[in-house]
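Encoded as structure tokens, the structure appears first; notes follow it.
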Amino acid sequence: MIKFPKFAVMALAALAFFATPAVAEDAPMEIAGAMTVDADGVIALFDEHPDLVVLDNRKETDFNAGHIEGAVRLIDTEITADSLSAVIPSKDTAVLMYCNGIKCGRAANAVEIARDLGYSKIYYYALGMAEWKDRALPVMTN
């Protein structure tokens, strides 16, 4: 029978514990300061707000593969006061933010940043492109 030193067994146990993959949390379905909408709500927003700004908060490859018509790509990690003011005329302009859905989380981050910067008409499409594609709604490609 082979005997392993006690420290080796402890090291392997620690490695197994810390090497387990982290489970990412889903993005929230609701965020204070924003109104959550589903696909039907997104469609209604286009009728209700002719000046609606649609921000796609995904990576460029995702955006190019298909996005909601009229969307401007602004990934959450590049959002600043200046980048938002460059695409949203005023802080009370209606803005819709979306990403790939609740497994993505980029839109949730973007919504929180915009809210903290004082934007007041934020619509959060939590289910994002996952629902949009499941519903076979139209997408634009680059």
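Each reported figure results from applying straightforward, stated rules to the coordinates on display, with no laboratory input. All values derive from a computational prediction rather than experimental measurement. Heads up, the Cβs are rebuilt from the backbone with ideal geometry, glycines too, and the neighbour counts pull from every protein chain shown.
Values as computed for the structure displayed
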read-out: The range 26-134 - charge dipole about Cα centre, Lys and Arg +1 at Cβ, Asp and Glu -1, debye rounded to 20; value: 240
read-out: Highest-first arrangement of 61-73, 77-89, 122-134, where packing means the average Cβ count within 10 Å; value: 122-134, 61-73, 77-89
read-out: Long-range HN-HN contacts of Gly66 with modeled amide H, under 5 Å; value: Asn142
read-out: Potential extension, Thr93-Glu30 segment - 0.36 nm per residue separation minus Cα distance; value: 20.7 nm
